[in-house]
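S.K.: Got a structure for you, questions after.
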Amino acid sequence: MGLRCGARLPVTRSEGPGARFALWLQGCSLGCPGCCNPHLFDPAGGTEVDVEVLCAEVLAVGSAIEGLTLLGGEPFEQAEPAAELARRVRAHGLSVVVFSGYTREELEARPDARGLLAATDLLVDGRFDARRPERARRWVGSTNQRFHYLTARYGPEIERPGPGEPLRSVEVHVDAEGRVQLSGWPEPAAVRALRGR
């Protein structure tokens, strides 16, 4: 069983609570206008990776992370293999955070989504709405997006930055081949500056 992956990052602090292994899944039929990852919309893009291989990659990071974050793209468009990966890493004590453009209600109505929901500690749901920018909570782009604490692992205190912590963060990673990968959610002004506007 495989997952079509757009990108993965072994350790990041900008894709959910604590240090996490981030896995961007390829393919999203929602295509929210203004999404920061439009290159992940195409379901034929990315690379197919076996769930067993991905699980081994996550576990190889060891105590440097507290969990796995699934985002995209849209994780629930590959719900069954994503659920298998989530179950495997949780069996080793890691947490699972999933970012989805679908609402919890939409997902609960879909039989294929139940396995991934059951293996998720924190679900962040809702389509990105560029007209409703979020200015107080971390990790979400618009005010309509919601945090659902599906287990006792996390609670609402994680949504807001602590003393001295930024609301938004962006990490720049350079791999051994010189490829650059960004993670996080930049301030819109920073994105405009990078684009030269």
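S.K.: Can you tell me the order of 62-69, 123-130, 36-43, 94-101 when each peptide is scored by its average per-residue count of other Cβ atoms within 10 angstrom, highest first?
M.R.: Top of the packing list down: 94-101, 123-130, 62-69, 36-43.
S.K.: Suppose a student asked you for the relative contact order of the chain, using Cα pairs under 8 Å spaced at least 6 residues apart; what percent would you report?
M.R.: For the chain, the relative contact order is 18 percent.
S.K.: Next up: What distance in nm separates the simple spin-label points at ALA118 and VAL11, each placed 7 Å from Cα in the Cβ direction?
M.R.: So the two model labels end up 3.4 nm from each other.
S.K.: Would you please give the residues with an amide H less than 5 Å from that of ALA19, counting only those at least 5 places away or on a separate chain, with H modeled from the backbone geometry?
M.R.: GLU66
S.K.: Using a probe of 1.4 angstrom, how much of the accessible area of the range 38-111 is carbon and sulfur, in percent?
M.R.: Ligands and nucleic acids excluded, carbon and sulfur give 54 percent.
S.K.: Per residue, how much accessible surface does the chain expose to a 1.4 Å probe? Answer in Å², no decimals.
M.R.: 49 Å²
S.K.: If I compute P(r) over Cα pairs in 10 Å bins from 0, in percent from the structure I just sent, which labelled value in (1) 9, 37, 40, 13, 1; (2) 10, 36, 34, 18, 2; (3) 9, 31, 24, 18, 13, 5, 1 lines up?
M.R.: (1)
S.K.: Tell me which residues come under 5 Å, amide H to amide H, from GLY72 once H is placed; ignore anything under 5 positions away on its chain.
M.R.: For GLY72, whose amide H was placed from the backbone, the distant partners under 5 Å are LEU25.
S.K.: Could you give me the ³J(HN,Hα) list for the range 76-83, computed from phi with Karplus coefficients 6.51, -1.76, 1.60 and θ = phi - 60°, whole Hz, x at Gly and Pro?
M.R.: Per residue, the Karplus-derived 3J(HN,Hα) values read 6, 7, 10, 4, 5, x, 5, 5 Hz.
S.K.: Karplus couplings for the range 8-21 from phi (6.51 cos²θ - 1.76 cosθ + 1.60, θ = phi - 60°), rounded to Hz, Gly and Pro as x?
M.R.: 8, 9, x, 9, 9, 10, 10, 10, x, x, x, 7, 9, 8
The values are calculated or read from the model by the stated rules, or taken from the named source; none is laboratory data. Please read all numbers here as calculations on a predicted model, not as lab measurements. Every residue, glycine among them, receives a Cβ derived from its backbone with ideal geometry; neighbour counts consider all protein chains shown. What goes into the accessible areas is simple: the full protein's heavy atoms, side chains included, and nothing from ligands, DNA or RNA. Shrake-Rupley method; radii C 1.70, N 1.55, O 1.52, S 1.80 Å.
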